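Chemist: Sharing a structure, written as structure tokens. Questions coming.
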Amino acid sequence: MQYVILGAGPAGVIAAETLRKLDPGGTVTLVGGEPEPPYSRMAIPYVLTGKIDEKGTYLRKTAGHYDSLGITYVQGKAEKVDPVKGTVTLRGGDSLSYDRLLVATGSSPVKPPVPGLDLSGVHHCWTLEDARNIAARAVKGSDVVLMGAGFIGCIILESLVERGVNLTVVEAEDRMVPRMMDRTGGTMIKRWCEDKGVTVLTSTKVMEVVESGSGLKIALDNGSALNAALLVVAAGVKPNTDFLEGSGIETDVGIKVDDSLCSNKKNIFAAGDVAQGPDFSGGWSVHAIQPTAVEHGRIAALNMTGSEAVYQGSLNMNVLDTIGLISCSFGEWEGGADGEVVEVVDEENFKYIRLAFNGSFLVGALSLGRTDHVGVLRGLIQSQINLGAWKERLKADPHRIADAYIACTQS
């Protein structure tokens with residue numbers, strides 16, 4: 001059996017290792033699009049802070065790891081998939097044949113239609129090469145602008161602060177991390193950052209970037225302009241599916257897969273950021289987080305070798321450290337079908353909790369300023385625990401979530 005995996009991120013690496021374990025006689029080819037060995041993008045900010053070197057980002061740190069398992073690693077990018085012939089064409093013309101194909105090509109940064117984003121002082125923070133370029137300009141005392149204050153943007157924000165730059169954040173929405181936090185939580189994170197010396201401009205857009213002297217001049221939609229040595233763009237990501245055009249593989253936001261992570265082509269699977277798969281809440285979503293990618297890779301590999309593994313669905317979740325302030329969001333934090341929500345806000349101490357219910361079940365939660373109940377919140381939601389009488393107790397005091405978990409799991 002010939003297995004080909006496109007994408008050497010966490011999903012692809014786990015899938016390759018699982019395939020080798022399940023089918024010792026098959027051929028496993030892992031294709032990565034960058035010159036470095038397979039690495040974790042989530043570790044790049046730690047390279048910027050100096051906490052790890054580039055090798056510290058590598059997913060497997062033992063020399064010869066893939067060769068020792070009989071996994072063939074190929075550097076290249078897919079340009080075309082032909083499901084009829086069972087082939088993948090790589091950039092440059094090389095072709096790979098497959099019996100089972102896994103598409104785990106991840107995502108790429110979104111480049112907004114803003115003039116000047118192709119200038120040399122403008123960078124995303126998505127690859128190790130990006131990290132090198134950012135480090136060269138983000139020196140202590142330099143003026144840096146960060147475009148975007150979403151989840152990825154806030155991770156980058158912390159690394160820039162640790163480098164000692166003068167940082168200004170420009171966010172188009174009315175709060176920070178708008179897809180992770182409601183207005184209360186997002187505004188509290190903004191105030192926290194401002195207290196730490198970061199300038200945060202919400203409800204503001206970058207309109208144009210031009211060269212100015214040895215740096216950049218960044219025009220904003222409020223009529224003002226910022227001067228900077230570096231502009232880091234963190235305006236979201238999109239799944240890498242363009243190369244599938246004409247293949248007949250169904251895509252929407254990502255590649256549409258069933259609960260076995262198989263596409264509409266029976267021998268082609270998808271995993272990670274590129275897969276639009278089962279959502280724990282009952283829908284079909286792209287959840288671009290590493291735990292989901294890892295589980296996708298494992299389940300896809302099981303099914304590629306003939307098992308009947310069912311993916312139960314990924315939970316929309318994020319845990320973020322913003323200059324020491326921990327925030328987390330789980331599930332349908334906006335509110336369930338019946339809209340029952342309870343929240344407690346402590347503005348002075350930067351603490352906030354919001355619980356969302358659907359009937360007797362907790363379906364979503366937001367938390368700010370606490371770390372002791374992160375696992376409990378996830379457990380209550382993902383285990384679909386019937387709260388019974390504890391629902392009213394939590395509505396009266398949302399801080400009793402640990403009590404509720406213990407009581408409901410031991411009854």
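Chemist: Please compare each pair in 111/190; 61/256; 196/351 to a cut-off of 26 Å on the Cα-Cα distance and tell me which ones are over it.
Modeler: Checking Cα-Cα distances, 61/256 exceed 26 Å.
Chemist: Turning to a different aspect of this structure: So if I place +1 on the C-beta of Lys and Arg and -1 on the C-beta of Asp and Glu, and nothing else carries charge, what would the dipole magnitude of the chain be about its Cα centre? I want it in debye, nearest 20.
Modeler: I would put it at about 620 debye.
Chemist: In segment 183-295, what % of DSSP beta bridges are antiparallel (nearest 5)?
Modeler: The antiparallel fraction comes to roughly 90 percent.
Chemist: Shifting gears a bit: As an exercise, find the ratio Rg/Rh for segment 98-167 from alpha-carbon atoms, using the Kirkwood inverse-distance average for Rh.
Modeler: Radius of gyration relative to Kirkwood radius: 1.08.
Chemist: Let me ask another. Tell me the per residue accessible area of segment 181-257 using a 1.4 Å probe; a whole number in Å² is fine.
Modeler: 49
Chemist: Related question: Test of understanding: given the chain, find the longest segment containing no trypsin sites (Lys or Arg not before Pro) that are in a DSSP loop and have at most 12 other Cβ atoms within 10 Å.
Modeler: 267-411
Chemist: Moving on to the next point. Semi-axes of the equivalent ellipsoid for segment 346-395, please: Cα gyration tensor eigenvalues, times 5, square-rooted, ordered largest first, whole Å.
Modeler: Its equivalent ellipsoid spans semi-axes of 21, 12, 8 Å.
Chemist: Still on this structure: What is the percent carbon and sulfur in the accessible area of the chain, measuring with a 1.4 Å probe over the protein chains and ignoring ligands?
Modeler: 47
Chemist: Okay, next question. In whole Hz, with x marking every Gly and Pro, tabulate ³J(HN,Hα) for segment 140-152 from phi via Karplus 6.51 cos²θ - 1.76 cosθ + 1.60, θ = phi - 60°.
Modeler: These are the phi-based 3J(HN,Hα) values: 4, x, 7, 8, 10, 10, 10, 9, x, 10, x, 4, 5 Hz.
Chemist: For segment 347-411 and segment 22-99, compute the distance between their C-alpha centroids and round to whole Å.
Modeler: 40
Chemist: Could you tell me how far the Cα centroid of segment 129-154 sits from the Cα centroid of segment 289-338, in Å?
Modeler: Here the two parts' Cα centres lie 28 Å apart.
Chemist: Now for a separate question. Can you give the calculated 222 nm mean residue ellipticity of the chain, where each DSSP H run of n ≥ 4 adds -39,500 (n - 2.57) and the sum is split over every residue, rounded to the nearest 500 deg cm²/dmol?
Modeler: -7000 deg cm²/dmol
Chemist: Restricting attention to the alpha-carbon atoms of segment 268-335, what are Rg (one decimal) and Dmax (integer), both in Å?
Modeler: 13.8, 46
Chemist: Could I ask something else about it? Give or take rounding to whole Å, what are the principal axis extents of the alpha carbon atoms in segment 62-131, in descending order?
Modeler: Largest to smallest, the principal-axis extents are 44, 37, 20 Å.
Chemist: Now a separate question. Restricting to bridges with both residues inside the chain, how much of the DSSP beta-bridge set is antiparallel, in percent to the nearest 5?
Modeler: 60
Chemist: Please state, to two decimals, what the Cα-based radius of gyration of the chain comes to when divided by 2.2 N^0.38 Å (N = residues).
Modeler: 1.04
Chemist: Mind computing the radius of gyration and Dmax over the alpha-carbon atoms of segment 225-269? Å is fine for both.
Modeler: For segment 225-269, the Cα-based Rg and Dmax read 17.4, 53 Å.
The values are calculated or read from the model by the stated rules, or taken from the named source; none is laboratory data. Just so we're clear, the structure is a prediction, and the values are computed from it rather than from any experiment. Counting neighbours? That spans all protein chains shown, and the Cβs are built from the backbone with ideal geometry, glycine included. Accessible surface is based on the protein model in full, side chains and every heavy atom, while ligands, DNA and RNA are left aside. Shrake-Rupley method; radii C 1.70, N 1.55, O 1.52, S 1.80 Å.
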